[in-house]
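Here, each number is a calculation from the coordinates, and none is a lab measurement. Computed from a predicted structure; not experimentally measured. Using ideal geometry, Cβ is built from the backbone for each residue, glycine included, and neighbour counts are taken over all protein chains shown.
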Amino acid sequence: MSARYPAIRAKDLGIKFYLRGAENPTVHSGMVRFLKRKPARREFWAVRNITVDIPQGQVFGIIGANGSGKSTLLRALARIYFPDEGELEIRGKISSLITLGAGFRQELSGMDNIYYNGIILGLTKQEIERKRQQIIDFADLGQFIHEPVRTYSSGMRARLGFSVAVHVDPEILVVDEVLVVGDAAFRQRCAEKMRELFMRGATVIMVQHNMDVIVEMCQRVMWLDKGHVQTIGEPLDVVNKYLASRNLPVLEAKPATPNPGVISGG
Amino acid sequence: MSSEPKKKPVTRLRARTTDTPRALDFDTLLVENARKIVGFREYIKEMWHRRGLVRVLAGRQLKSQYELNVVGFAWWLAEPLSLAAVYYVLVAVLTKRQDHVYILVVLISLLSFKWFQQSVIQSMNTVRGNASLVTDIYFPRALLPITETMIGLAHFGVGLCIVPIFMLFLGVGPTPNLIWLPVIVAVQLIFNLGAAYPMAVWGLRYRNLPNLMGNIIRLWFYLSPALYELTRFSNGTVKFIMELNPLTGLFESYRRIFRLAGFTPSKLCPKCASVPHYYAGAPHPSLIWTLILGCFMLLIGAWYFTRKETQFGKEI
């Protein structure tokens, strides 16, 4: 039955934040506000009226300027923010790669963190035992895997985080600009691992500022502007419209791109 | 297309409640414009599904706090022991009490109180303390206060291990009443959680609440029969008011089952017979009041928490 349903279906999705100014809410300020019956905060809709279906197995990209609500939307799709408006349907095991190494404990070793992070991301103990060696090999930290994470460089931490997260084998993977970490060799391995996920039919939703990566990897792209959908469509089309709107040089359709759909679309 | 959920006109700002499958399994969800993700029952199921998280978060916390070895255990005991010693010396000197069993009275209520205090205070900080998890990964947030309560329970359990040593030295023998221990622990667990859930919501919202609550809880401790026994009060009204305090049922019950005897002196503890304030037996009746209040607080608190947790990611 699952094939007929989209992996993610959002209908009129809206996420709002409250603006409080610089005030830090405290007990006494809360009481003062209650007594004065002053509204505590103003609303701000970070994203609104998002309607989109993402079929299973699609690589879906989200682009837009800073502050256009990309990360907010991504967090909403990963169930971290709840819809304040509209509705959202998610079908499948979802894993989010929003910050690499979310929940790492600085003072514990990389080895311990693999275990803790794996459980946090939804793996079982047995699965971690089975995949431990793969995760260690993928991160390729050598002997440092036994050192506390606080001694790691940011690149090493990101590698370990990415390594754990991709071994969760999610059906839906939500990725926020994390592919830019590590050296060229590691990026190559990441790209391979991502491709392996696509092959297995995983749905991937990614936010990227690198338009080459978007055009190369995605099958459909959404351009977000001030929290609203500007366009959804073929990657090269959307990317070029976006670039043109910002007076940037547009991309050429590359004959060598591995995604034939892009060429016909461009 | 028969199994496709029936299309309905979108109703804004009100969650639809019928017809559509809300949670087909743990990974397939329909999230609506609701204040909560899914029904309460599905939420409980999902919590059960992710229960491993509690062990991992608590274990991680304990492991990084104290390396788990002999020295670590000693650290756990240092605080309640030193506090018990201070209170014992203070009270023994000030009131010229002669009974050494008193240190046991103080120690047991201190351990129980520490557990309560830790559950409440740590729960207020738990969402912000796990900010990197809450803003980046989805999991039922209701597991966080449970984690803090479980960490407190671990401390409590280790603390209880030193009680037999004191009993041995003081000549207080164990009795079958000790089988009540799991019951009292369960009641306190419910009560602690019931207090922890709303506090987790408010502690996140009001940043200085943990400081304020720290003082209030300490005051509460002195007003509870922790450093003194309920039997010291002869006035019925005062006693009744004391018994309305949910901590009274806990402190008195722990004390009773550890048989700090007086009414039923045993051969093992001839000295205790001369001390009128101690008594032994089944838990204090006001434990039932603690249980009722705890269940009520837990139900309301958990419901409130699940309604508010949808905003945690934004409030941090």
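Counting every other Cβ atom within 10 Å of each residue's Cβ, B:F166, A:F34 order from fewest to most as A:F34, B:F166. Measuring how big the range A:99-170 is from its alpha-carbon positions, Rg and Dmax come out at 10.6, 29 Å. Here r is the Cβ-Cβ distance between B:L83 and B:I316 and R0 is 30 Å; the resulting FRET efficiency, rounded to 0.05, is 0.35. Build a GNM of chain A with springs between Cα atoms under 10 Å apart, and of A:A184, A:A76, A:A139 the one that fluctuates most is A:A184. Applying the Kirkwood pairwise sum to the alpha-carbon positions of chain A produces a hydrodynamic radius of 20.2 angstrom. In this structure, the amide hydrogen of A:F17, modeled 1.01 Å from its nitrogen in the peptide plane, lies closer than 5 angstrom to those of A:F44, A:W45, A:A46, counting only residues at least 5 positions away or on a different chain.
How much net charge surrounds B:H155 when only the other residues with a Cβ under 15 Å from the Cβ of B:H155 are counted, with Lys and Arg +1 and Asp and Glu -1? Net charge in that neighbourhood comes out at 0. Between B:F40 and B:I165, full extension at 0.36 nm per residue minus the direct alpha carbon distance yields a gain of 40.5 nm.
Shielding of peptide B:201-211 by partners, expressed as the average count of other chain Cβ atoms within 10 Å per residue Cβ, is 3.
How many Cβ atoms of partner chains, on average, are near each residue of A:109-117 if near means within 10 Å of its Cβ? Intermediate results must be reported in sequence, preceding the final value.
Working: counts 0, 0, 0, 4, 1, 0, 3, 7, 4.
Counting Cβ atoms of other protein chains within 10 Å of each residue's Cβ and averaging gives 2.
Inter-chain Cβ neighbour count for B:124-132, averaged per residue, equals 1 (cutoff 10 Å, partner chain atoms only). Based on Cα contacts under 8 Å between residues 6+ apart, chain A shows a relative contact order of 24 percent.
Once backbone amide H atoms are built at 1.01 Å from N, A:L123 has no partners under 5 Å, excluding neighbours fewer than 5 places away on the same chain.
List the pairs from B:K45/B:K308; A:K70/A:K226; A:K193/A:K241; A:K193/A:K226; A:K16/A:K226 whose alpha-carbon separation is above 21 Å, in the order I gave them. Beyond 21 Å: A:K193/A:K241; A:K193/A:K226.
Local charge sum around B:R51 (other residues, Cβ-Cβ under 13 Å, Lys/Arg +1, Asp/Glu -1)?
Counting the neighbours of B:R51, the net charge comes to +3.
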